[in-house]
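Everything below concerns the one structure shown next.
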Amino acid sequence: MRKFDLRTGKPVWHGYRAPSVPTNKLVRDIRSEILVVGMGISGAMMAEALTGEGYQVVLIDRRGPLLGSTPATTALVQYEIDVPLTTLSRTIGKADAERAWRRSRLAVMNLKSHIEASKIACDLATRPTLYLAGNQLTGGALEAEADARRDAGLLSRYLTAKPLADEFGIDREGAILSHDNLALDPRKLTARLLNIARERGARLYDDVEAVDFDTSADGVTVGTAHGPTVRADHVVLCTGYELLPFVPADNHQVISTWAIATRPQKANLWPQEAFIWEASDPYLYMRATKDGRVICGGEDEEFSDETRRDAVIGEKSQAISRKLKKLMPQLDVTPQYAWAGAFGSTSTGLPIIGPVPQKPRIHAIMGYGGNGITFSRIASEIVSASIAGRKDSDADLFAFSNR
Ligand SMILES: Cc1cc2nc3c(=O)[nH]c(=O)nc-3n(C[C@H](O)[C@H](O)[C@H](O)COP(=O)(O)OP(=O)(O)OC[C@H]3O[C@@H](n4cnc5c(N)ncnc54)[C@H](O)[C@@H]3O)c2cc1C
């Protein structure tokens with residue numbers, strides 16, 4: 001199967017030390033109750049949730065822990081789905097759209113509680129978010145979006161130009177202010193989750209590519225590129241955007257995206273270090289790190305190939321710097337880090353989570369979009385319930401049968 005370059009350049013997270021994750025080599029056939037394929041943030045959340053429920057878990061990765069797209073994320077962990085609630089309501093109906101937004105909100109709250117309860121050191125900070133008027137939603141439509149969110153029980157306030165300038169120093173027609181999103185270091189979080197799973201008995205194998213899936217009534221035998229097999233009662237595919245050929249992908253596309261990080265500059269940061277993103281296409285978004293670097297990303301375009309994506313890192317990072325300077329003239333916008341990566345997306349902006357059609361013992365997660373980390377959390381909740389034979393009341397929203 002083709003191996004993509006999931007990212008290039010130097011993501012800012014490599015400037016901070018994350019715990020190492022010991023792995024083993026797979027040298028013989030093994031068996032386990034659950035096999036998780038992929039050791040990025042999705043596989044880590046999944047393995048930690050499943051070992052927490054008492055399952056025996058094996059993880060494999062064709063690369064190794066944290067070597068996929070996860071280190072490229074800018075890690076604005078938000079409940080606001082990329083597709084506005086008003087837009088999503090028109091596509092999938094108001095009740096389901098509200099349910100998806102509320103579930104995202106719960107996922108962010110659950111992730112925060114879990115990080116705190118498990119004392120995971122990942123530079124966690126709670127941040128408000130400003131969603132700025134842009135070419136996709138201008139003043140009136142943005143105000144309607146704020147009303148729709150409020151009617152769905154999601155605390156948010158529409159700021160007109162004056163309070164936006166007074167409270168945040170930003171010159172725009174308007175913005176929606178919301179609360180309680182999470183800034184964190186994704187490598188530290190992922191590494192710790194994998195290590196918690198390991199401490200509970202999970203076995204981790206790197207350089208193991210799953211290539212063949214032989215399903216029977218009571219389990220799945222997974223063949224690997226270098227020979228040994230893994231037999232499991234259930235398999236969970238957390239392979240990022242590298243989808244296995246039998247996973248239906250009609251409604252799935254891959255997006256290239258670019259990001260920069262500046263030098264630390266605490267004194268120049270904006271009030272409350274709010275997450276900021278624009279209702280624009282292409283959009284711009286930003287956050288600050290614990291030591292005051294500004295991470296800013298955007299300029300998304302449909303993935304064509306790695307060569308093009310990597311060739312334009314310089315050009316894209318200059319465009320991002322220019323836009324950042326325009327919005328925040330007080331910042332030093334010179335990139336100290338610049339990188340590019342890929343993520344999957346669907347037309348509704350919602351992920352697809354659940355058993356693969358005709359293969360009830362294989363669960364897959366795909367199409368994470370710009371809210372990948374929030375959706376990985378939702379997936380860990382829905383898939384653990386499904387494997388345990390429990391019914392998650394939102395599972396239908398994300399199921400393959402719903403797409
Ligand atoms: C620049 C950028 C910015 C982003 N910003 C945000 C953000 O602000 N907020 C947010 O929530 N999300 C964001 N995302 C999305 C987020 O990063 C992704 O949703 C997340 O990293 C996906 O994690 P994953 O574990 O599913 O995938 P990955 O980290 O890619 O892990 C998948 C793993 O599966 C392995 N694998 C694949 N196929 C096989 C196989 N056949 N056999 C064995 N192993 C296999 C790969 O080697 C890989 O290690 C961003 C993404 C990018 C690129």
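The values are calculated or read from the model by the stated rules, or taken from the named source; none is laboratory data. Please read all numbers here as calculations on a predicted model, not as lab measurements. Note that we place each Cβ from the backbone using ideal geometry, even for glycine, and neighbour counts take in every protein chain shown.
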> Only one of these conditions is not met by Ala44: (1) farther than 19 Å from Cys122 by Cα; (2) touching a residue at least 12 places away in the same chain (Cβ under 8 Å). Which number is it?
Replying inline: (1)
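Among Leu324, Leu350, which is the only one that is under 21 Å from the mean Cα position of the chain (by Cα) and either part of a loop (DSSP other than H, G, I, E, B) or more than 13 Å from the ligand (Cβ to nearest atom) (or both)? Before the answer, list the steps.
On the way: Leu324 fails: under 21 Å from the mean Cα position of the chain (by Cα).
Within the list Leu324, Leu350, the selection yields Leu350.
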> Out of all the residues in the range 250-267, is one or more over 13 Å from Ile320 (Cβ atoms), surrounded by fewer than 22 Cβ atoms within 10 Å (Cβ to Cβ) and in contact with a Leu (Cβ under 6 Å, 6 or more places away or on another chain)?
Replying inline: no
> Looking only at residues in the range 214-249 that are among the aliphatic types (A, V, I, L, M) and either outside any strand (DSSP E or B) or away from the ligand (no atom under 13 Å from the Cβ) (or both), which one is surrounded by the most Cβ atoms within 10 Å (Cβ to Cβ)?
Replying inline: Ala232
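Anything in the range 68-99 that is touching a residue at least 60 places away in the same chain (Cβ under 8 Å) and in a loop (DSSP other than H, G, I, E, B)? List them, or say none.
As a first pass, look at the range 68-99 and keep what is touching a residue at least 60 places away in the same chain (Cβ under 8 Å): 68-86, 88, 91-92, 96, 99.
Across the range 68-99, the qualifying residues are Gly68, Ser69, Thr73, Thr74, Ala75, Gln78, Tyr79, Glu80, Ile81, Asp82, Val83, Pro84.
Among the candidates Ala379, Ala385, Ala319, single out the residue that is assigned to a helix (DSSP H, G or I), among the hydrophobic types (A, V, I, L, M, F, W, C), at pLDDT 95 or above and surrounded by fewer than 24 Cβ atoms within 10 Å (Cβ to Cβ).
Values: Ala379 fails: surrounded by fewer than 24 Cβ atoms within 10 Å (Cβ to Cβ); Ala319 fails: at pLDDT 95 or above.
The conditions single out Ala385.
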>> Need the failing condition index for Ser20 against (1) over 16 Å from Ala232 (Cα atoms); (2) over 17 Å from the mean Cα position of the chain (by Cα); (3) near the ligand (Cβ under 7 Å from one of its atoms), just the number.
In response: (3)
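Restricting to the range 251-307, what's the tally of residues that are at positive phi and more than 13 Å from the ligand (Cβ to nearest atom)?
Our first condition is that a residue be at positive phi; within the range 251-307, this holds for 272-273, 292, 298-299.
Filter again for more than 13 Å from the ligand (Cβ to nearest atom), leaving 272-273, 292.
Counting residues in the range 251-307 that are at positive phi and more than 13 Å from the ligand (Cβ to nearest atom) gives 3.
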> Looking at Arg150, Arg127, which is the one that is over 28 Å from Glu53 (Cα atoms), part of a helix (DSSP H, G or I) and not assigned by TED's automatic domain parsing to the domain that holds Val57?
Replying inline: Arg150
